[in-house]
Amino acid sequence: LTGVLDDCLCDIESIDDFNTFKIFPKIQKLQERDYFRYYKVNLKRPCPFWADDGHCSIKDCHVEPCPESKIPVGIKAGSSNKYSKAANNSKELEDCEQANKLGAVNSTLSNQSKEAFIDWARYDDSQDHFCELDDERSPDAQYVDLLLNPERYTGYKGPSAWRVWNSIYEENCFKPRSVYRPLNPLAPSRGESFYTWLEGLCLEKRVFYKLISGLHASINLHLCANYLLEETWGKPRWGPNVKEFTRRFDPVETKGEGPRRLKNLYFLYLIELRALSKVAPYFERSVVDLYTGNGHEDAESKALLLDIFRDTKSFHMHFDEKSMFAGDKKGAKSLKEEFRLHFKNISRIMDCVGCDKCRLWGKLQTQGLGTALKILFSEKEIQSLPENSPSKGFQLTRQEIVALVNAFGRLSTSIRELQNFKVLLQQTR
């Protein structure tokens, strides 16, 4: 990929350099700190749009004899008595354990961590959001250590995964039924009309589609970069899968669609980068601590975060969101509300993802993007924040802060992985 991105005056090479040398090393460090590594999530919320259609990609996983305690709820089928006891044989138990290893969410926490979370909860506040937020008081909500549960290939694919993305694009991206996305197996034609339709949209709706496409591209990149290459003697080896990357992004194999998706990834990176630069004044106030109870670590975390904000402000080719929702006030207000509700719906669809690990990272990255949008639409409120007292007009919960940083960390990683794939592809030619 080279050249200037559509809808903004920024070139890909500048983003690559900025990300590689300034952002990526620092955001990696920040994500390892206690404040940012624990994320509270409810992985048990039912899908609000359709009945669960089975969870795990390994066909024999859904068997009753597997011990309840071993199987994450996301891999199981909707009801435990759906499968007969006759299905209990060793092959199925092996497959079940294999699926459990691939998709299981490691939820071990120390007592010290649990105490810190009680304190963190006191710092949280809530208001109108772009995302459907998990109820953190629900007994089903649990803290997850993101470092113990890296986003990677889990074997989750097929009709269930396709249905989630299809629902996101078909019902929430302002698209008429008569226009089909490229590479859609259900499309009667090759989808040439899609880009004609997209270019005809207003900027806001075009941006919305690009954000979702960029998120999709980023997630696919993570799966290609952290793929289960082999499992010998029970020891899995994870790493980049060039063949999988080529299948998803190569211009020839994707009929030119892959590079467009990667451009949308860069566009999403710019949007979230812009949000970070805009929210800096919120964190620069002394009243905001990244509170874990360890004063020394908290001060270091905040210093590192403010250092990243300084870098984001130094980038000279930001996306200018002032061009969005700039029409007549009434029309702009209703479009912004439509934008918010569509995005909120997408966050609810994440509860339909059938693999716990994929659901965890899907929810986190959606909430991170939702938080970025909330920031971009709250510029006036952020600029008028009081220095020494909690803000009334604009507030971020700890959940939103953790999601914002980790979601941007995922995008930064995607762009870094893209550089790695460039090198690997040159080596294989």
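The values are calculated or read from the model by the stated rules, or taken from the named source; none is laboratory data. Small disclaimer: the values here were computed from a predicted structure and weren't measured. Heads up, the Cβs are rebuilt from the backbone with ideal geometry, glycines too, and the neighbour counts pull from every protein chain shown. Quick note on the areas: whole protein, heavy atoms, side chains included, nothing else; ligands and nucleic acids left out. Shrake-Rupley method; radii C 1.70, N 1.55, O 1.52, S 1.80 Å.
Kindly check whether there is at least one residue in the stretch 363-379 that is among the hydroxyl-bearing types (Ser, Thr, Tyr), part of a loop (DSSP other than H, G, I, E, B) and open to solvent by less than 50 Å² (accessible area, probe 1.4 Å).
The initial filter retains those residues of the stretch 363-379 that are among the hydroxyl-bearing types (Ser, Thr, Tyr), namely 366, 371, 378.
The next check asks that each one be part of a loop (DSSP other than H, G, I, E, B); those that pass are 378.
Those still in the list that are open to solvent by less than 50 Å² (accessible area, probe 1.4 Å) too: 378.
There is at least one residue in the stretch 363-379 that is among the hydroxyl-bearing types (Ser, Thr, Tyr), part of a loop (DSSP other than H, G, I, E, B) and open to solvent by less than 50 Å² (accessible area, probe 1.4 Å).
Within the stretch 343-360, can one find any residue that is over 14 Å from the mean Cα position of the chain (by Cα), under 21 Å from GLY214 (Cα atoms), among the polar types (S, T, N, Q) and open to solvent by 10 Å² or more (accessible area, probe 1.4 Å)?
Within the stretch 343-360 (the criterion being over 14 Å from the mean Cα position of the chain (by Cα), under 21 Å from GLY214 (Cα atoms), among the polar types (S, T, N, Q) and open to solvent by 10 Å² or more (accessible area, probe 1.4 Å)), the answer is yes, since at least one residue qualifies.
For the stretch 6-22, name all the residues that are in contact with a helix residue (DSSP H, G or I) (Cβ under 9 Å, 6 or more places away or on another chain) and either of a type in the set (Ser, Thr, Tyr) or within 17 Å of GLU272 (Cβ to Cβ) (or both). Full working, then the answer.
Our first condition is that a residue be in contact with a helix residue (DSSP H, G or I) (Cβ under 9 Å, 6 or more places away or on another chain); within the stretch 6-22, this holds for 6-8, 10, 12, 15-16, 18-20, 22.
Within the stretch 6-22, ASP7, CYS8, CYS10, ILE12, ILE15, ASP16, PHE18, ASN19, THR20, LYS22 meet the criteria.
Scan the stretch 331-352 and report the pairs whose first residue is within 13 Å of ILE168 (Cα to Cα) and whose second residue is assigned to a helix (DSSP H, G or I) and open to solvent by 70 Å² or more (accessible area, probe 1.4 Å), with Cβ atoms within less than 9 Å and a gap of 6+ or a chain change.
If the second residue must be assigned to a helix (DSSP H, G or I) and open to solvent by 70 Å² or more (accessible area, probe 1.4 Å), the pairs left are HIS342/GLU171; ASN345/GLU171; ILE349/GLU171; CYS352/ARG163.
Would you mention how many residues in the stretch 245-269 are closer than 23 Å to ALA407 by Cα and either in contact with a Cys (Cβ under 6 Å, 6 or more places away or on another chain) or among the hydroxyl-bearing types (Ser, Thr, Tyr) (or both)?
Going through the stretch 245-269, the residues closer than 23 Å to ALA407 by Cα turn out to be 245, 248-249, 258-269.
From what's left, either in contact with a Cys (Cβ under 6 Å, 6 or more places away or on another chain) or among the hydroxyl-bearing types (Ser, Thr, Tyr) (or both): 245, 266, 269.
Residues flagged as closer than 23 Å to ALA407 by Cα and either in contact with a Cys (Cβ under 6 Å, 6 or more places away or on another chain) or among the hydroxyl-bearing types (Ser, Thr, Tyr) (or both) within the stretch 245-269 amount to 3.
For residues that are in a loop (DSSP other than H, G, I, E, B) and either out of contact with any helix residue (DSSP H, G or I) (no Cβ under 8 Å at 6 or more places or on another chain) or modelled with pLDDT of 85 or more (or both), tally how many sit in the stretch 157-173.
First, the residues of the stretch 157-173 that are in a loop (DSSP other than H, G, I, E, B): 157-158, 173.
Now narrow it down to the ones that are either out of contact with any helix residue (DSSP H, G or I) (no Cβ under 8 Å at 6 or more places or on another chain) or modelled with pLDDT of 85 or more (or both): 157-158.
Adding up the residues that qualify gives 2.
How many residues, within the stretch 1-23, are part of a helix (DSSP H, G or I) and open to solvent by less than 40 Å² (accessible area, probe 1.4 Å)?
Initially, the stretch 1-23 is screened for residues part of a helix (DSSP H, G or I), giving 12-23.
Now restrict to residues that are open to solvent by less than 40 Å² (accessible area, probe 1.4 Å): 12, 14-16, 18-20, 23.
Residues in the stretch 1-23 being part of a helix (DSSP H, G or I) and open to solvent by less than 40 Å² (accessible area, probe 1.4 Å): 8 in total.
So which pairs qualify, if the first residue must be in the stretch 156-169 and closer than 13 Å to CYS358 by Cα, the second must be surrounded by fewer than 17 Cβ atoms within 10 Å (Cβ to Cβ), the Cβ gap must be under 7 Å, and the two must be at least 6 apart or on different chains?
Final answer for the pair search is SER160/ASP53.
What pairs come out if I take residues in the stretch 299-314 that are open to solvent by 60 Å² or more (accessible area, probe 1.4 Å) and pair them with residues that are of a type outside the set (A, V, I, L, M, F, W, C) whose C-beta lies under 7 Å away, six or more apart or interchain?
Sorted first by the residue in the stretch 299-314, then by its partner, the pairs are LYS313/SER277.
If ASN388 satisfies every condition in (1) at pLDDT 85 or above; (2) of a type outside the set (Gly, Ala, Ser); (3) outside any helix (DSSP H, G or I) but one, which is the exception?
(1)
When only residues in the stretch 208-248 that are β-branched (Val, Ile, Thr) and under 25 Å from PHE343 (Cα atoms) count, which is surrounded by the fewest Cβ atoms within 10 Å (Cβ to Cβ)? Lay out the reasoning, then the answer.
Step one: filter the stretch 208-248 for residues β-branched (Val, Ile, Thr), giving 212, 219, 232, 242, 246.
Filter once more, so that each one left must be under 25 Å from PHE343 (Cα atoms): 212, 219.
Details: ILE212: 22, ILE219: 19.
Step by step, filter the stretch 208-248, then rank; the result is ILE219.
Could you tell me whether VAL179 is assigned to a loop (DSSP other than H, G, I, E, B), modelled with pLDDT of 80 or more and aliphatic (A, V, I, L, M)?
Working: assigned to a loop (DSSP other than H, G, I, E, B): yes; modelled with pLDDT of 80 or more: yes; aliphatic (A, V, I, L, M): yes.
Criteria met by VAL179.
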